[in-house]
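Bear in mind these aren't lab numbers, they're just calculated from the coordinates by the rules spelled out. Please read all numbers here as calculations on a predicted model, not as lab measurements. Because the Cβ atoms are built from the backbone with ideal geometry, glycine has one as well, and the counts that use them run over all protein chains shown.
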Amino acid sequence: MRYFATACALLTASAALADEFSLSSMITDVTVYPQGAELIRRGEVEVPAGRHRFILQDIPNRAVLETLQVQVSGATLIATRYRSEDVPPRDSSSPQIRAAEARIAEIETRIQSVRDAAGLVRQKERAAQNAIGFLRDLGGNDGMAQIGTDGLRDIARMIEEETARAGASALEAEVEARGIEAALEDLEKELSAAQQALAAIRLEDEDRLYLVLDVAAETAGTVAVDLSYASDAGWQPSYEFHLTTGEAPQLSVKRSVMLYQDTGEAWKDVALTLSSLTPSERGSPSEIYPQRLRIAEPAPAPRLKLSSDTAMEPLAEPVQVEPMVVEQSRAPWESDADGPGVTYHFDHPVSVAPGGEGLRLEMDQLTTEAELVAVAVPLRDDTAFRVARFTNTFGEDLLWADTALYFVDGKLVTAAPFAALAAGQETEMGFGALRGLQVTRNVLSQSEGERGMISRSNQQVQRVEIEVENLTGKSWPLRLVDRVPYSEQEDLEISWRASPVVSEENVDKQRGILAWEFEIAPGETRNVSLETSIEWPEGMVLR
């Protein structure tokens, strides 16, 4: 214990003698997940040999301190201290703000220089205009009448020549001034962009962490500090699905990503990586617990006792139920599918302001063959829908997206969420209603053909007629989907028959779902009839 106390005393004493350095750091690399991000920032400082203390005051207060990792090159890290409250004031304004303000001042100086140059040229124009005015006044002077004819002729010639010269000078000055001032438009745009950049930087949080690193350097030199931590950001894919019809239908997927960050500071030219992993999700499998069952004599019917001394009978021991675990819902790229998830590395530096600014990054366009069919569900819809069947042959998963845009031959037909699609998975994707493929579904009686249902106390017979009419002017492969009820009780008997015969029963392993597939020509009407019979014992009720 004495050795430990002595070591602590030495550590405290040496720390008191340590040199202090204010260390500025910049974000260099960012890995963004669908929820959250990992930020890596670096700072460097020249130090002599010995014990030193680095003070960092440029990490926003939104950093998740529990995830903070520190690596030091060129020295040995001894201790890390941090403070999020009662933080001392920062030594100076942000280097980014100073650089942005200097940029604005430099552009404003260039604008003023252009205006000054144009002003000097316009001075020549005004001098020329004044000369022209003087010459005009000279020609109208009353004293000119006393000059002889030859003298008037000479003066008139002089006025004409000098006026022409002055006019040419004025025009040249005007053209030169306009040429100089043409640069102002680009400079004004440049100034506006610089002002917007400064405004974006000023969106950063003023509240910063106070981080202190105690290090020991064996030799003098450069010490580099790399810090990583989690903060608030996220991304999700954005898709445009383009279906091209014709002899050989194709489906193209135009991919981009939508990125936001609310980390409390601007990202300036960072190396960006997007990951499909979600570190915030549960990482371990669920647990199950033993289930104990008991049997006991049936409890007697409760008796109402009004006496005040009635003793309450003990309650039966409750059956143990295992707890319920609810899972929370939750351009140029280089993709990497090795290991868990997929990562995308963007090969250009990226800048994103904090807060409300969103960033859309273009990715690529993928193309595959598709089979085009019409699908009708007359129980719910009065038209068929255009559906593309295809397989994800792109070699990587297509991730879930809030909204995707669906185009047919370049025209937007619908916008809807997109469910994730694994590599190699086959799917069907809807591309809008086919108004020219109209469907009707009528429930008919068995005998009179009127609407309704024949029934008696233990039997029901239903006859359904489905009609499909093709008004599109082209043939369509059609898939018609309907249903019949099913039973899991032997005493409840259900039978049905269809004309024409169904192409598939229990579609997608759903009992009672039926499908017909046939080609329907332009102007053709096709009919499907479906009769269902339900019987059950007398005295029972159909539910």
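Distance between the pseudo-spin-label points of Ser529 and Thr109 (7 Å out from Cα toward the beta carbon): 9.3 nm. Listed values for region 360-370 are Karplus-derived 3J(HN,Hα) couplings in whole Hz (6.51 cos²θ - 1.76 cosθ + 1.60, θ = phi - 60°), namely 10, 10, 7, 10, 7, 10, 10, 9, 8, 6, 9, and x replaces Gly and Pro.
Peptides 365-371, 429-435, 110-116 ranked from most to least packed give 429-435, 365-371, 110-116, packing being the mean of other C-beta atoms within 10 angstrom over each peptide's residues. Rounded to the nearest 0.05, the FRET efficiency derived from the C-beta distance between Gln291 and Leu198 at R0 = 51 Å is 0.20. Calculated FRET efficiency, Arg83 to Thr219, Cβ-Cβ distance, R0 = 51 Å: about 0.95 to the nearest 0.05. Stokes-Einstein, applied to the Kirkwood radius of region 428-535 over Cα pairs at a viscosity of 0.890 mPa s and 25 °C, places its translational diffusion at 159 µm² s⁻¹. Computed extension length for Asn442-Ala420: 4.3 nm, one decimal, from 0.36 nm per residue of separation with the Cα-Cα distance subtracted. Computed from the Cβ-Cβ distance with R0 of 30 Å, the FRET efficiency linking Met540 to Asp508 stands at 0.45. When peptides 29-38, 214-223 are ranked by their average number of other Cβ atoms within 10 Å per residue, the highest-first order is 29-38, 214-223.
Each peptide in 412-422, 393-403 was scored by the mean count of other Cβ atoms within 10 Å over its residues; highest first, the order is 393-403, 412-422.
Taking a point 7 Å from the Cα of Leu277 along the Cα-to-Cβ direction, the residues of region 228-265 with backbone N closer than 18 Å to it are 228-236. Here each label is just a point 7 Å from Cα along the line to Cβ, and for His345 and Leu412 those points are 3.6 nm apart.
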